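Heads up: the structure comes next, in structure tokens.
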Amino acid sequence: MIVLVTGGARSGKSTFAEKYAAHLGKAGVYIATAQAFDEEMRERIARHCARRQQSGFLWETVEEPYALADVIRSLQQRDEFKQNQTVVLVDCLIVWLSNWLIRHEQEQAAERTLAQVDELIAALQHFPGTILFVTNEVGDGLVPEYPLGRMFRDLAGLMNQRMAAAADQVFLLTAGIPLEIKSKAFRF
């Protein structure tokens, strides 16, 4: 099962996703996409880690800023995923998208970044267990002033649409309140 959790900044997405993962499995693999380039980011990552450790749920953390598809393909070989005992939580797709966009900024950035999204979705087709993705809604604000900002906003929207289409279940969080906007049972 693929679950997408989306919402604005500080809407409670990560906390909800962690609690939902604990509801769905006995243990979890937390794939962190952020990179600690400065002190504020190191502190933010430390707070996330502390929250997970205090939750009482057993998390294995994998730090991977780029190769999500490779990590997911490697995890699918593990028996605990085939038996739905362990869930995967990827936090956060927007950070992952930013990592790729910055890496490809000067050379066909949009095409190469979307190719990474397509590779990720292809890897999900064979994943035997439950995987949750946290992402941000970025299109509700102002139009960015700079070309790279507009490209990021457009790619984030396209990525979120593709991930939501591939997902079995999608939640939108606002003020810490989850709203299920796509159900496992709903198909058209």
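The values are calculated or read from the model by the stated rules, or taken from the named source; none is laboratory data. All of these numbers come straight from a predicted model, not from anything done at the bench. So basically every Cβ, Gly included, is an ideal-geometry build from the backbone, and we count neighbours across all protein chains shown. These accessible areas exclude ligands, DNA and RNA; they are computed on the full protein's heavy atoms, side chains included. Shrake-Rupley method; radii C 1.70, N 1.55, O 1.52, S 1.80 Å.
Structure notes:
- Counting only protein heavy atoms and a 1.4 Å probe, the chain has 53 square angstrom of accessible area per residue.
- Label sites at Gln85 and Gln53, each approximated as a point 7 angstrom past Cα along Cα to Cβ, lie 2.5 nm apart.
- For Gln77 and Ala115, the FRET efficiency from 1/(1 + (r/R0)^6), where r spans their Cβ atoms and R0 equals 22 Å, is about 0.35.
- Gyration tensor (alpha-carbon) shape descriptor, the range 84-134, a/c threshold 1.5: oblate
- Inter-part distance where the range 5-61 and the range 104-159 are each reduced to a Cα centre, Å: 20 Å
- Between Asp70 and Tyr146, the modelled label-to-label distance comes to 2.9 nm, taking each label 7 Å out from Cα in the direction of the beta carbon.
- Residue order for Cys92, Cys49 - accessible surface, 1.4 angstrom probe, largest first: Cys49, Cys92
- With R₀ fixed at 22 Å, the C-beta to C-beta distance from His126 to Ala165 puts the FRET efficiency at about 0.80.
- Span-like helix ranges in the chain, DSSP H, alpha carbon extent 27 angstrom or more, Kyte mean at least -0.5: 147-166
- Whole-percent carbon and sulfur share, accessible surface of the chain, 1.4 Å: 54 percent
- Rg and Dmax over the alpha-carbon atoms of the range 95-188 stand at 14.6, 42 Å.
- Volume per residue of the C-alpha convex hull in the chain, rounded to whole Å³: 125 Å³
- Per-residue ³J(HN,Hα) for the range 176-184, Karplus 6.51 cos²θ - 1.76 cosθ + 1.60, θ = phi - 60°, Hz, x for Gly and Pro: x, 9, x, 10, 6, 9, 9, 9, 4
- About the Cα centre, charge dipole magnitude for the range 42-132 (Lys/Arg +1, Asp/Glu -1 at Cβ), debye: 380 debye
- Cα-based equivalent ellipsoid, the range 47-115: semi-axes from gyration tensor eigenvalues, Å: 28, 17, 7
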